[in-house]
1. Report whether or not LYS87 is open to solvent by 80 Å² or more (accessible area, probe 1.4 Å) and within 21 Å of the chain's Cα centre (by Cα).
2. Of the conditions (1) within 15 Å of the ligand (Cβ to nearest atom); (2) closer than 24 Å to PRO272 by Cβ, PRO62 satisfies every one except a single condition; which number is it?
3. With respect to SER75, determine if the residue is out of contact with any helix residue (DSSP H, G or I) (no Cβ under 9 Å at 6 or more places or on another chain), away from the ligand (no atom under 12 Å from the Cβ) and among the polar types (S, T, N, Q).
4. Looking at (1) assigned to a helix (DSSP H, G or I); (2) under 15 Å from ARG241 (Cβ atoms); (3) among the acidic types (Asp, Glu), can you tell me which one GLU163 breaks?
5. Tell me the residue from LEU113, LEU128 that is surrounded by 12 or more Cβ atoms within 10 Å (Cβ to Cβ) and more than 13 Å from GLY204 (Cα to Cα), please.
6. So, of the residues in region 8-43 that are under 19 Å from ILE100 (Cβ atoms) and touching an Asp or Glu at 6+ places or on another chain (Cβ under 7 Å), which turns out to be farthest from the ligand (Cβ to nearest atom)?
Amino acid sequence: MKVRKAVIPAAGLGTRFLPATKAMAKEMLPIVDKPTIQFIVEEALASGIEDILIVTGKAKRPIEDHFDANFELESNLREKNKTELLKLVEETTDVNLHFIRQSHPKGLGHAVLQAKAFVGNEPFVVMLGDDIMEDKIPLSKQLMNDYDSTHASTIAVMKVPHEETSKYGIINPEAEVSKGLYNVNSFVEKPTPEEAPSDLAIIGRYLLTPEIFHVLETQAPGAGGEIQLTDAIDTLNKTQRVFAREFTGKRYDVGDKFGFMKTSIEYGLVHPEVKDNLREYIIELGEELSKEQASKKK
Ligand code: UTP
């Protein structure tokens, strides 16, 4: 069966960005001038996804508005002949988007469960806004290609520094069945480095079969008292094969402050409007900081 649907959970509290996220969705924070969630929607579309469900929560209305038409703004830009800006604004309105609210943020697994009626009996992709992925073939498409041959759930993973395993779901790989594709023994949510069975961490892209919903319906809360998607995937793996696909492209972690700042700088350095000034500024700042450091050492 063809994979046509994607689910983007965006109902988390975004506590790592407080106070910015007190009244605003973290998915609307921009990388230079584009909200992070737009990168995710663009990846879905580039992968051939036809319908997208965004799971939203409180303070998430701006996400819906962002992907809706804004007549006042559009007619203003049209009157002023700002065609380039008009194109940018209109670009985000022609997408098959659906929204559902997760009334209580009980965890990622619980957010995905809200997509049960939308997904029905089809395989689907889950895409998290915390990660922007870049590769020749979009990562979601890579998982969809895997599904074409395995007809099984496939989870994207990436090597992370060993001391950081407690920030991720980690896989215990059994065997590499083809280049970069693993059979998995078990999936463990946020293990300490001592307990971690590998350094292969689950990153924010999942291709799941609809049987995951049966598991999620009875899934008990796990790490952090939340209903964890990783735990449900581990249970699913006991009744049907679940694979892991190692991602070798570039991952931008925009889910925490430092990752977000690094991503903003890297995207700024290739953005036609700001790249030259930013580059010059970074070089000057770098020189100043080096002098400062050198004088501290004296
Ligand atoms: P995070 O662990 O990044 O949580 O969730 P968060 O609440 O967004 O951010 P912090 O850690 O408090 O700063 C991973 C993804 O799962 C979604 C989030 O929106 C994010 O995209 N999520 C998490 C939900 O949709 N619902 C939940 O109950 C929890």
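1. When the stated conditions are applied, LYS87 does not pass them.
2. The number of the failed condition is (2).
3. Taking the combined requirement at face value, the residue satisfies it.
4. (2)
5. LEU113 is the lone residue from the list that is surrounded by 12 or more Cβ atoms within 10 Å (Cβ to Cβ) and more than 13 Å from GLY204 (Cα to Cα).
6. Here the residue is ILE37.
The values are calculated or read from the model by the stated rules, or taken from the named source; none is laboratory data. Quantities reported herein were computed from a predicted structural model and do not represent experimental measurements. We place every Cβ from the backbone using ideal geometry, glycine too, and count neighbours over all the protein chains shown. When the accessible area is computed, the model is the full protein with side chains, heavy atoms only, and any ligands, DNA or RNA have been set aside. Shrake-Rupley method; radii C 1.70, N 1.55, O 1.52, S 1.80 Å.
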